[in-house]
């Protein structure tokens, strides 16, 4: 890893010979990067530690730094609900007192003042001075001169490129020019797009000044409404600017909470606010890319070999191990290793070896159409976001331990964990997007330490799970079908109406030992899953069964009992289809309609339960102790007993012929030789069945 601090010069520079930036990939900072709450304190702290920035500008460009200056007090007062240490966003020339090192107005002029080339000469003079040897980022801004010819923009890009060639350790930031009221076919719009296209095509760093001031915080676009640098625009298409998006937004939001007052040359405070948010996003992205160690071995080789990494150093807890060459390749661990993060930028990689890779706050990112695999053991040392791109699958095939930390799954791709799991207490796997697949038990060691949270996307369980907690706040959690799986959790939450827990043909055990029974809540979630969907039959939000919904004879359901039910005839089970259960647990099983005691068979024991409760209700007007519930015959979860419940148990008894429910999709169609016997039995049942009138 290079030890020289990162030089940050924010400059709108150009490159025609097409060498990539020092980072090797494009970083585009625009309206999408104006959410300060999305940045982590760790990422910003790294930027403050690693970056030494030089910024050249005149009046329009000052919006960035005046916004950054005002941000300090805004965050100190807990604006946006943020809670950072006092003066965390402070900056100064030299980075004293823990501030970000940013040399504002490091040279006079801007990208077009006094002419279109002097800024480049001044940049060279500045970087050549030993006093500025720590500078690793340079940025220059325009002040109206981007509205020029395509040739002049090419000149700018060429000067930037040559600076990148001559100063390879410095990161030069390109910039678009501020909006000036032109249309989307106007010259400035086209010149800004020329800069964007070049940066994207050639792996440059771009601070898109124009894009940031073309959108309000709610995602409304004004670039096609003759928007100007002061945020005025034509709201009705008559060619006259009659509204100001920044003033409107400020007026409808709370100063000091949603936005802050600050100097904003030629514009409104909100514009400078958003420029400051984007600037800090820029610093964080550059710093993250700076701490990279790129795998450069031409074939499979040892992770521990320094010659296999850019810079000649093996990545450590401060660096991101980056894999961006064509694969398949297989770096091998022959000893325990650590990295701040792992970044698979292309598919086909496999990290192997019988040792452990410990990953920090950088997490693991995986991209490219295909798959990447870690066969070595993986452990986490810090909370981290792991991002898997939409067309990619990341598989942890070796042992996994979240180490008591939170892994937040982002991206629309799939994270699959198929190796053994032995997590430290307090570990959390949070699915926010895409898909997470657990093909091994998160409690493989017999201790349920992992909490699984679903707040978006889907989590699939391909194996029995022993969890500390399962929280489906928004999204879908589904068990694979074949009846062999049970989810055992110490706590359960299913947030209605935005969540689904689909048991398919599997079981659920919530062990509440030492706490209050969640029986009532679980019943409400199952009732919703049964009746609150489009068809009203096991396709609603809550806890449902896709197998029951699709059963060809409609004979199956999810039944629930509290293993500590007040009725001594209910519960007391020591296992549920082979899964040991405690006395204080709520059991939900995929079974026949009418299987009141969850033993997998509809027989006289089940009829005894519904008959006794029905007689008590009809003849004495009393509800069975504990209320109407599955175990006493309320099979359709409508909080009463009537002929509808008898219809369900009768049908299941007749067509199952007393066969045990074995999991999976049953097909208990009677053989022809038994039809007469079953018909006779059916007449007896119909004769004894109580009817509600």
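Values as computed for the structure displayed
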| item | result |
| --- | --- |
| Overall form of the range 83-223 per C-alpha gyration tensor (a/c, 1.5; a/b vs b/c) | oblate |
| Protection-proxy order for peptides 51-59, 79-87, each taking the mean of Cβ atoms within 10 Å per residue, highest first | 51-59, 79-87 |
| Over the range 284-370, volume per residue of the alpha carbon convex hull, in Å³ | 85 Å³ |
| Taking the convex hull of Cα positions in the range 456-559, its mean projected area over all directions (nm²) | 6.3 nm² |
| Gain in span if fully extended, residue 625 to residue 77, counting 0.36 nm per residue against the direct Cα distance | 191.7 nm |
| Relative frequency of Cα-Cα separations exceeding 37 Å in the chain, percent | 52 percent |
| In nm, spacing of pseudo-spin labels at residue 574 and residue 482 (7 Å Cα→C-beta vector) | 2.9 nm |
| Cα gyration tensor, the range 398-442 - rounded (a/c under 1.5), prolate or oblate | oblate |
| Between 0 and 90°, nearest 10: helix 519-531 axis offset from the chain longest Cα axis | 90 degrees |
| Intensity falloff of the range 178-305 expressed as log10 I(q)/I(0), Debye formula with alpha-carbon point scatterers, at q = 0.14 Å⁻¹ | -0.72 |
| Prolate/oblate/rounded call for the range 372-422, Cα gyration tensor, a/c under 1.5 rounded | oblate |
| Rounded tilt (10° steps) of 187-202 against the dominant C-alpha axis of the chain | 70 degrees |
| Calculated over the range 6-288: convex hull of Cα atoms, volume per residue (Å³) | 109 Å³ |
| Spatial separation of Cα centroids for the range 48-66 and the range 213-235, in angstrom | 24 Å |
| Mean Cβ neighbour count within 10 Å, used as a protection proxy, ranking 497-505, 346-354, 292-300 highest first | 497-505, 346-354, 292-300 |
| On Cα atoms only, tilt of 150-166 relative to the major axis of the chain in degrees | 90 degrees |
| Inter-part distance where the range 437-451 and the range 273-351 are each reduced to a Cα centre, Å | 29 Å |
| Ranked by how many other beta carbons lie within 10 Å on average, peptides 137-149, 257-269, 569-581 from highest | 137-149, 257-269, 569-581 |
| Cα-based convex hull, the range 168-248, per residue volume (Å³, whole number) | 103 Å³ |
| Residue 537-residue 40 pseudo-label distance in nm [points 7 Å out on the Cα-to-Cβ vector] | 4.8 nm |
| Structure-based [θ]222 nm, the chain - -39500 (n - 2.57) summed over DSSP H runs of at least 4, per residue, nearest 500 | -7500 deg cm²/dmol |
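Only the coordinates and a few stated rules stand behind these numbers; no lab work does. Please read all numbers here as calculations on a predicted model, not as lab measurements. Cβ: placed from backbone, ideal geometry, glycine included. Neighbour counts: every protein chain shown.
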